[in-house]
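Asks: The following block contains the structure, expressed as structure tokens.
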Amino acid sequence: MDLELTDDQGLFRETTAKFIEATCPIDTVREWSESEPHGFNRKWWSQGAELGWTSLLVSEEHGGGSVSGHGLLDLILVAEEQGRRVTPGPLLPVNVVAAALSEFGTSEQADRHLPGLLSGESIATWCIEAGRGSILPGGPRLQATKDGAGYRISGVTAPIEAADVADLFLAVADVDGVPIHVLVDAATPGVVVSEMESIDFVRRHGAVHFNDVSIGAGSLLGGVADASEQIDRLLDLAVVIQCASMSGAIDQVLGFTLEYAFDRYSFGRPLASYQALKHRFADHKIFAEASLATTVAAANAVDARAGDASELASTAKAYIAQSVTSELHDFVQLTGGIGTTWDHDLHLFIRRAVQERALLGSPADHRERIALILGLGAA
Amino acid sequence: MSTESTTDAAEDVESFRLRARAWLAENMPRIEGKSNADIAREDENGVYARKLQKILFDGGFAGLCFPVEYGGQGLSLAHQRAFTEESGPYQMPTVLNIPSLSILGATLLDFGTEAQKKRHLPKLISGEEIWVQFLSEPSGGSDLAGLVTKATRDGDIFHLNGSKIWSSGAFRADYALVLARTNPEVPKHSGITVFILKIHQPGVEIQQIKMATGANEFCQEFFDDVPIPIEDVLGKIDDGWTVASRLLFHERDAMGGGSPYLSGQGQRGHGTSNRSDLIELAESNGTLGDPAIRQLIAEAKINETVGEQLTARTATAIKQGLVPGTAGSIPRLYSAMTSERRQEINLEILGTAAPVWEPGAPSRQKSLDYLMRQGGSLGGGSNEMQRNIISERVLLMPREYAADKDKPFNEVLHNQTPTRPR
Ligand SMILES: Cc1cc2nc3c(=O)[nH]c(=O)nc-3n(C[C@H](O)[C@H](O)[C@H](O)COP(=O)(O)OP(=O)(O)OC[C@H]3O[C@@H](n4cnc5c(N)ncnc54)[C@H](O)[C@@H]3O)c2cc1C
């Protein structure tokens, strides 16, 4: 969490935490993983939307609004609280597409799609994944060809979060090596979503197949023919949301494992009294604090559209994601056998972290992105 | 305990920055390819560092965060950061940052009497005096309060006997803060006093120690009945642990990069260096196009950036009272661990130039630096000590069993100080 929150932000964070505690504690997450076909409850998602979960990156003129005037700094509070509780729901994809519509969309596009996203009634997702290195320039993409004033698109984009419930896709496709951004209704002929199995308990992913899909010129996001800058901006936003979620998770797991170490005795003394374990907790504390620090720094830069926004976003992602999963496994080790069981919550956090680590650019991809920013030659 | 005071009509940071930029261009020599560490290495006796510091002092750009009444400029940390950023292309006496200004100057400011501060701080800030710390002893460094060097009181004079070791750069320094046992009949923390010691005087013998790299930076000192007048006691007699704890706080703050008294780039102890040196290294051995090497360069950059962010976050948390001051061990340990990693990255990028090089090759120093990989993880309190502090003081985990707890020091088992070699 940012240590310098405004009073309003503090209140917003608290309300968010309380709402999640009350409506979707981890036991409910477990329940929904079986009972809810998409891993979350739609009515609950709309309630979250009412709290502001979908409107923070949307300008007031489009019906959105932030708490502090810095929407991304508000949104990472939600993402962090969700990360602490492995909360379900399409927070990242909806916010990324909402930001895209608000920042880049034509007024027609914004008016058409934003109201549903803001109320929680409709769901949208960003389709950039199409194989290793998708986030990098020249990475694998859907292929588009000019067709009169519009385009025809083919290929598969996967894995895509919330593909199974999305009403709208914002898809990246290449036209002769130049990326475009297109808004595609899920009901468009030729668009087929196939289910995938996800390691995450409640966040479902799917593959979106574009079978020679015909798209009108009006679907081009903002009417822009080269979406490179849009992609960078959305990637920065998305990655900051992931980082907030991962750092919330780490801080939470550190907290409850530490408590456990105080409570559990071995050889007549609490685990917390053994130096070998204390030293590992000290290292975990460093990782937790560094993760929070780099997330907040990245969020500030991306929010301000600073010149180093992409570098700092990728720094945070590469730093946190490189170690988050092994850190979590060390908490399993510190917890002992019970930490390896279905009933213990640790695996829910690990499942989430494995997903966040790999998607929207692996740590190696983000290091490559930084190398490119530093001017170190092409990928 | 205020370590920062600000002048009434403090100049805003941006106009200060512009003024500093113009002044630097006018007055400071350019760095011309060498790093400040290279320059310091060639200036073994610190003569050149003193000269640079004097130029800064005369220009009103030394001791920016020290109070005006003691020779500083009374400016804020933001001003200091701006100055450091602007100083990048210029030669800076960064060797004076640690320990002279940011550890010893800072501690003197906290505990000195008015007379002590007036006498020494302006000279410290102008580079006329260089200070070092005499803490560690041959009998042990981690258990600092278990020190055995003693100072015996005789009226208004104390007599110092014993030995200190690992004091970096003592041979080129003028004064040291020395910790000595003044009462062995009470538990260890209660019988220590801190003294301001003039280094070059009869009874003080300094031996340089040859390090693994071949450099002679470290010293061992032997004290043979060295007289110290009572006015040179810093803080209260037998209450030196209070002073030492604060000194160690300043040390963590400096080593973690958070201290307001650090000026100039590349000053944070070991391993950190300016951004482009890895890129230059890879360029010089033709590996810049190698994707594996690019990954390592990016990783080094990431570790450095996150370190700055962590330092800033911890400073804010301490200022807001969310964590105790000992949380300074968090960035301190982070920087030691990433410095170890950085040394491994250097080795990887050096490739075959790590073990073998053409005579005089510029990469030579990087190879030799690798031999001191653990320096940053021992100096200023070992990583294990930092982990003890973080777990016990920040996470409030149970303290380690201490065999010496509450025992008079003269009943505690400890190593002995070696006698002076003949
Ligand atoms: C680059 C550098 C600069 C230095 N500069 C100075 C200086 O200017 N002035 C000065 O006074 N000293 C200086 N030192 C000395 C430094 O402070 C000591 O080396 C350090 O405190 C460790 O003390 P020691 O060497 O006696 O090792 P020991 O204290 O004997 O420790 C040996 C090992 O045991 C571990 N250990 C010890 N006690 C515990 C414990 N309770 N729990 C777990 N592990 C433990 C230590 O972490 C270490 O790994 C410097 C050292 C270096 C490397």
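Derivation of every value follows stated rules applied to the coordinates shown; laboratory data play no part. Please read all numbers here as calculations on a predicted model, not as lab measurements. Cβ placement follows ideal geometry from the backbone for every residue including glycine, while neighbour counts extend to all protein chains displayed.
Asks: Considering the options B:363, A:277, A:230, tell which one lies farthest towards the positive end of the dipole of the protein assembly as shown, charges being +1 on Lys and Arg and -1 on Asp and Glu at the Cβ, about the Cα centre.
Replies: Projecting each Cα onto the dipole axis, the largest value belongs to B:363.
Asks: Here's another thing I want to ask about it. Compute the relative contact order of the stretch A:228-373 as a whole-number percentage, counting only Cα pairs closer than 8 Å that sit 6 or more residues apart in sequence. The partial results should precede the final answer.
Replies: On the way: 149 pairs, mean separation 43.4, N = 146.
30 percent.
Asks: Quick one: give the max-minus-min coordinate of the C-alpha atoms of the stretch A:125-223 along each principal axis, largest first, in Å.
Replies: Cα extents, longest axis first: 43, 29, 22 Å.
Asks: Against the longest alpha carbon principal axis of chain B, how many degrees, from 0 to 90 and to the nearest 10, is the axis of helix B:77-86 turned?
Replies: Computed tilt is about 40 degrees.
Asks: Report Rg(Cα)/(2.2 N^0.38 Å) for chain B, keeping two decimals.
Replies: In units of the 2.2 N^0.38 Å rule of thumb, it is 0.99.
Asks: To continue, here is another question. Can you put A:181, B:200, B:250 in order of Cβ neighbours within 10 angstrom, beginning with the fewest?
Replies: Going from sparsest to densest Cβ surroundings: B:200, B:250, A:181.
Asks: Can I ask one more? Which residue fluctuates the most in chain B, going by a Gaussian network model with Cα springs under 10 Å, if the choices are B:131, B:166, B:23?
Replies: Checking each option, the largest mean-square fluctuation is seen for B:23.
Asks: Distance between Cα centroids, the stretch B:126-205 to the stretch B:236-263: provide it in whole Å.
Replies: Their Cα centres are 16 Å away from one another.
Asks: Could I ask something else about it? How much of the pair distance distribution for the stretch B:273-381 lies past 20 Å, counting alpha-carbon pairs only, in percent?
Replies: 48
Asks: P(r) for the stretch B:133-243: what percent of alpha-carbon pairs falls in each 10 Å bin, starting at zero?
Replies: Spelled out per bin, shortest first, that is 16, 49, 29, 6, 0.
Asks: Per residue, what volume in Å³ does the Cα convex hull of the stretch B:104-165 take up?
Replies: On the way: hull volume 7.5 nm³, N = 62.
Dividing the Cα hull volume of the stretch B:104-165 by its residue count gives 121 Å³.
Asks: While we're on this one: Where a ≥ b ≥ c are the square roots of the eigenvalues of the C-alpha gyration tensor, would you call the stretch B:218-341 rounded, which needs a/c under 1.5, or, failing that, prolate if a/b is larger than b/c, or oblate?
Replies: The shape class here is oblate.
Asks: A further question on this structure: Shape call for the stretch B:15-142 from the C-alpha gyration tensor, a ≥ b ≥ c root eigenvalues: rounded (a/c under 1.5), prolate (a/b greater than b/c) or oblate?
Replies: In terms of gyration-tensor shape, oblate.
Asks: While we're on this one: Roughly how many nanometres apart are two label points built 7 Å out from the Cα toward the Cβ at residue B:211 and residue B:406?
Replies: Distance between label points: 4.3 nm.
Asks: Something else about it: Relative to 2.2 N^0.38 Å, what does the C-alpha radius of gyration of the stretch A:1-147 come to as a ratio? Two decimals please.
Replies: 1.14
Asks: Okay, next question. Taking 0.36 nm per intervening residue step and subtracting the Cα-Cα distance, what contour gain separates residue B:276 from residue B:12 on full extension?
Replies: Working it through step by step, the gained length comes to 92.0 nm.
Asks: Compute the distribution of all C-alpha to C-alpha distances in the protein assembly as shown, in bins of 10 Å from 0, and list the percent of pairs in each, rounded to whole numbers.
Replies: 2, 12, 20, 22, 18, 13, 7, 3, 1, 0, 0
Asks: Mean Kyte-Doolittle hydropathy of 0.0 or higher plus an axial Cα length of 27 Å or more: which whole DSSP H helices in chain A meet both?
Replies: Those that pass (Cα extent of 27 Å or more, hydropathy at least 0.0) are A:228-263, A:275-303, A:309-335.
Asks: Would any residue of the stretch A:171-212 have its amide N under 17 Å from a label point 7 Å out along Cα→Cβ of residue A:149? List them or say none.
Replies: A:183
Asks: To the nearest 20 Debye, how big is the dipole of the stretch B:13-129 about its Cα centre, given +1 on the beta carbon of each Lys and Arg and -1 on that of each Asp and Glu?
Replies: On the way: 14 positive and 15 negative charges, 27 e Å.
The calculated dipole for the stretch B:13-129 is roughly 120 debye.
Asks: Per residue and in Å³, how big is the convex hull formed by the alpha-carbon atoms of the stretch B:218-258?
Replies: Residue-normalised Cα hull volume stands at 108 Å³.
Asks: Rg and Dmax in Å for the stretch A:189-304, alpha carbons only: what are they?
Replies: Radius of gyration, then largest Cα-Cα span, for the stretch A:189-304: 22.6, 73 Å.
Asks: A follow-up question, please. Running a GNM on chain A with Cα contacts under 10 Å, which residue among A:159, A:115, A:90 ends up with the highest mean-square fluctuation?
Replies: A:115
Asks: Within the set B:117/B:405; A:285/B:319; A:278/B:236; B:198/B:319; B:236/B:407, which residue pairs have Cα atoms separated by over 27 Å?
Replies: B:117/B:405; A:278/B:236; B:198/B:319
Asks: Something else: What spacing in nm lies between the two simple spin-label points modelled at residue B:157 and residue B:185, each 7 Å away from Cα in the Cβ direction?
Replies: Result for the modelled spin labels: 2.4 nm.
Asks: Taking the alpha-carbon centroid of each part, what is the distance from the stretch B:324-397 to the stretch A:82-141 in angstrom?
Replies: So the two Cα centres are separated by 41 Å.
Asks: Would you mind checking the radius of gyration and Dmax of the stretch A:230-379 based on alpha-carbon positions, in Å?
Replies: 17.4, 59
Asks: What do you get for the angle between helix B:329-350 and the principal long axis of chain B? Use alpha-carbon atoms, 0 to 90 degrees, nearest ten.
Replies: With both axes taken from Cα atoms, the answer is about 40 degrees.
Asks: Taking springs between alpha-carbon atoms closer than 10 angstrom, which of B:352, B:213, B:152 fluctuates most in the Gaussian network model of chain B?
Replies: The residue with the greatest mean-square fluctuation here is B:352.
Asks: Further question on the same structure: Just tell me how shielded A:353-361 is by partners: mean number of partner chain Cβ atoms within 10 Å of each residue's Cβ, no decimals.
Replies: 0
Asks: Between Rg and the Kirkwood Rh of the stretch B:326-418, both from Cα atoms, what is the Rg to Rh ratio? Spell out each step's value before the answer.
Replies: Values: Rg = 19.4 Å, Rh = 16.4 Å.
A ratio of 1.18.
Asks: By how many degrees, between 0 and 90 and to the nearest 10, does the Cα long axis of helix B:240-255 differ from the longest principal axis of chain B?
Replies: For helix B:240-255, the angle is close to 0 degrees.
Asks: Whole number please: convex hull volume per residue of the Cα set in the stretch B:57-129, in Å³?
Replies: Considering the Cα atoms of the stretch B:57-129, their hull volume per residue is 85 Å³.
Asks: Something else: Within a 10 angstrom radius of the beta carbon, how do A:329, A:62, B:79 rank from fewest other beta carbons to most? If you can, show how the numbers build up before the last one.
Replies: Details: A:329 15, A:62 19, B:79 22.
Ascending number of Cβ neighbours within 10 Å: A:329, A:62, B:79.
Asks: Would you kindly calculate the mean projected area, averaged across all directions, of the convex hull enclosing the Cα atoms of the stretch B:134-197, in square nanometres?
Replies: One quarter of the hull surface, i.e. the mean projection, equals 4.5 nm².
Asks: Rounded to whole Å and ordered largest first, report the semi-axes of the equivalent ellipsoid of chain A derived from its Cα gyration tensor (root of 5λ).
Replies: 36, 22, 20
Asks: Right, another one. Can you pull the one-decimal nm distance between simple spin-label points at residue A:232 and residue B:396, each 7 Å off the Cα toward Cβ?
Replies: 4.6
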